[in-house]
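Q: Please find one structure pasted underneath; my questions will follow.
The values are calculated or read from the model by the stated rules, or taken from the named source; none is laboratory data. Values in this document were obtained by computation on a predicted structure and should not be read as measured data. Because the Cβ atoms are built from the backbone with ideal geometry, glycine has one as well, and the counts that use them run over all protein chains shown. Just the protein is used for accessible areas: all its heavy atoms, side chains included, with ligands, DNA and RNA removed. Shrake-Rupley method; radii C 1.70, N 1.55, O 1.52, S 1.80 Å.
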Amino acid sequence: MVRYVGPDEPAALVRAAWPEVVVGAGRVQAWTVGSGGGGDAGDRLADAVGDGVPVVVDADAIAAVPELVRHDAPLLLTPHAGELARLVGADRDDVEARRLHHARAAARELDAVVLLKGSTTVVARPDGRVRVNPTGTAALATAGSGDVLAGLAGALLAGGLDAFDAGSVAAWVHGLAGRLAHDGGAPVSATDVLAALPAALGRLAR
């Protein structure tokens with residue numbers, strides 16, 4: 001089950017596309033916060049963390065992580081290089097040049113799993129352990145693709161995977177979905193990636 005909590009106008013669009021989505025606050029096994037932007041992302045992140053369940057922190061919510069008063073919930077951050085650079089006060093070019101270093105350092109500093117998106121996605125734990133995803137493709141460099149990744153990671157967290165495994169599996173499946181959607185060489189949209197997820201999950205299951 002997917003629950004949406006947010007402003008009424010986007011909620012109506014969500015329900016129009018996916019009538020099965022439940023709108024409004026209630027019990028969940030994991031939250032995904034920040035996808036799609038919004039000036040209230042920090043407040044929504046604080047509410048989600050206060051719920052005590054695992055949280056995927058994406059897009060605008062990433063900047064609010066250092067402001068959290070308490071940090072008991074497992075966090076999975078999904079920044080691209082620019083977002084991580086702003087978060088830790090580093091130079092973006094240096095983040096791109098030393099992806100392993102910066103992902104590890106941010107995970108340790110923020111006590112969170114960090115999934116650093118890019119041509120080679122890196123998933124780092126606070127203890128320094130890292131996984132590098134082999135299924136990435138340049139086709140995923142399209143608007144909204146990261147939202148698909150964040151939603152997938154949230155679903156895996158809700159299904160019982162810990163943050164490190166959820167981030168790793170989400171990156172792998174998302175990358176494969178991007179490759180499947182790009183088959184034939186046509187430009188790929190986030191909707192195409194989303195539509196390819198069942199095929200990617202089916203291949204993983206086989």
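Q: Taking the criterion of being over 28 Å from residue 118 (Cα atoms), among the acidic types (Asp, Glu) and out of contact with any Ser or Thr (no Cβ under 9 Å at 6 or more places or on another chain), would at least one residue in the range 44-61 satisfy it? Spell out how you get there, then give the answer.
A: Restricting attention to the range 44-61, the residues satisfying the condition of being over 28 Å from residue 118 (Cα atoms) are 47, 50-52.
Remaining after also requiring among the acidic types (Asp, Glu): 47, 51.
Still in the running and out of contact with any Ser or Thr (no Cβ under 9 Å at 6 or more places or on another chain): 47, 51.
Taking every residue of the range 44-61 in turn, at least one turns out to be over 28 Å from residue 118 (Cα atoms), among the acidic types (Asp, Glu) and out of contact with any Ser or Thr (no Cβ under 9 Å at 6 or more places or on another chain).
Q: While we're looking at this one, here's another question. Return the total of residues in the range 191-206 being farther than 10 Å from residue 177 by Cα and without any contact (Cβ under 8 Å) to a residue 24 or more places away in the chain.
A: 3
Q: Going residue by residue through the range 17-29, is there one that turns out to be within 18 Å of the chain's Cα centre (by Cα), surrounded by 13 or more Cβ atoms within 10 Å (Cβ to Cβ), part of a helix (DSSP H, G or I) and in contact (Cβ under 8 Å) with a residue 24 or more places away in the chain? Give the derivation first.
A: Step one: filter the range 17-29 for residues within 18 Å of the chain's Cα centre (by Cα), giving 28-29.
In the following step, the residues that additionally are surrounded by 13 or more Cβ atoms within 10 Å (Cβ to Cβ) were identified as 28-29.
Now restrict to residues that are part of a helix (DSSP H, G or I): none.
No, there is no match, as no residue in the range 17-29 is within 18 Å of the chain's Cα centre (by Cα), surrounded by 13 or more Cβ atoms within 10 Å (Cβ to Cβ), part of a helix (DSSP H, G or I) and in contact (Cβ under 8 Å) with a residue 24 or more places away in the chain.
Q: Hey, among the residues in the range 3-16 that are touching a Gly at 6+ places or on another chain (Cβ under 9 Å) and outside any strand (DSSP E or B), which one's surrounded by the fewest Cβ atoms within 10 Å (Cβ to Cβ)? Don't jump to the end; show me each part of the working.
A: Start the filter on the range 3-16 by keeping residues that are touching a Gly at 6+ places or on another chain (Cβ under 9 Å), which leaves 3-7, 10-11, 14.
Now restrict to residues that are outside any strand (DSSP E or B): 5-7, 10-11, 14.
Details: 5: 16, 6: 15, 7: 9, 10: 13, 11: 15, 14: 16.
The extreme case among them is 7.
Q: Can you say whether residue 52 is open to solvent by 10 Å² or more (accessible area, probe 1.4 Å) and under 16 Å from residue 147 (Cα atoms), as far as the supplied structure shows?
A: Criteria not met by residue 52.
Q: Looking at this structure, is residue 44 assigned to a helix (DSSP H, G or I), open to solvent by 30 Å² or more (accessible area, probe 1.4 Å) and touching a strand residue (DSSP E or B) at 6+ places or on another chain (Cβ under 6 Å)?
A: Criteria met by residue 44.
Q: Now for a different question. Considering only the range 184-200, state which residues are closer than 23 Å to residue 38 by Cβ, open to solvent by less than 50 Å² (accessible area, probe 1.4 Å) and assigned to a helix (DSSP H, G or I).
A: Matches in the range 184-200: 190, 193.
Q: For residue 203, work out the one condition from (1) buried (at least 19 other Cβ atoms within 10 Å of the Cβ); (2) over 15 Å from residue 117 (Cβ atoms); (3) not small (Gly, Ala, Ser) it doesn't fulfil.
A: The single condition residue 203 does not satisfy is (1).
Q: Could we say that residue 176 is in contact with a Pro (Cβ under 9 Å, 6 or more places away or on another chain) and modelled with pLDDT of 95 or more here?
A: Numbers: in contact with a Pro (Cβ under 9 Å, 6 or more places away or on another chain): no; modelled with pLDDT of 95 or more: yes.
No; evaluated as a whole, the condition is false for this residue.
Q: Okay, moving on. Exactly one condition in (1) surrounded by 21 or more Cβ atoms within 10 Å (Cβ to Cβ); (2) of a type outside the set (S, T, N, Q); (3) under 28 Å from residue 40 (Cβ atoms) is false for residue 111; which is it?
A: All conditions pass for residue 111, except number (1).
Q: I'm checking my understanding of the structure. Among residues of the range 76-102 that are part of a loop (DSSP other than H, G, I, E, B) and not small (Gly, Ala, Ser), which one is most open to solvent (accessible area, probe 1.4 Å)? I'd like the intermediate steps shown before the answer.
A: The initial filter retains those residues of the range 76-102 that are part of a loop (DSSP other than H, G, I, E, B), namely 78-80, 89-91, 98.
Add one more test, that the residue is not small (Gly, Ala, Ser), and what stays is 78-80, 91, 98.
Numbers: 78: 1, 79: 0, 80: 67, 91: 91, 98: 106 Å².
That would be 98.
Q: Look through the range 102-143, keep the residues that are at pLDDT below 95 and touching a Ser or Thr at 6+ places or on another chain (Cβ under 7 Å), and return whichever of them is farthest from residue 73 (Cα to Cα).
A: Residue satisfying both the conditions and the ranking: 138.
Q: Quick test for you: out of 63, 105, 153, 73, pick the one residue that is open to solvent by less than 50 Å² (accessible area, probe 1.4 Å), in contact (Cβ under 8 Å) with a residue 24 or more places away in the chain and either part of a helix (DSSP H, G or I) or not aliphatic (A, V, I, L, M) (or both).
A: On the way: 63 fails: open to solvent by less than 50 Å² (accessible area, probe 1.4 Å); 105 fails: in contact (Cβ under 8 Å) with a residue 24 or more places away in the chain; 73 fails: either part of a helix (DSSP H, G or I) or not aliphatic (A, V, I, L, M) (or both).
It is 153.
Q: Take the range 156-183 and flag every residue that is among the acidic types (Asp, Glu) and part of a helix (DSSP H, G or I).
A: So in the range 156-183, the residues among the acidic types (Asp, Glu) come out as 162, 165, 183.
Scanning the range 156-183 gives a single hit, 165.
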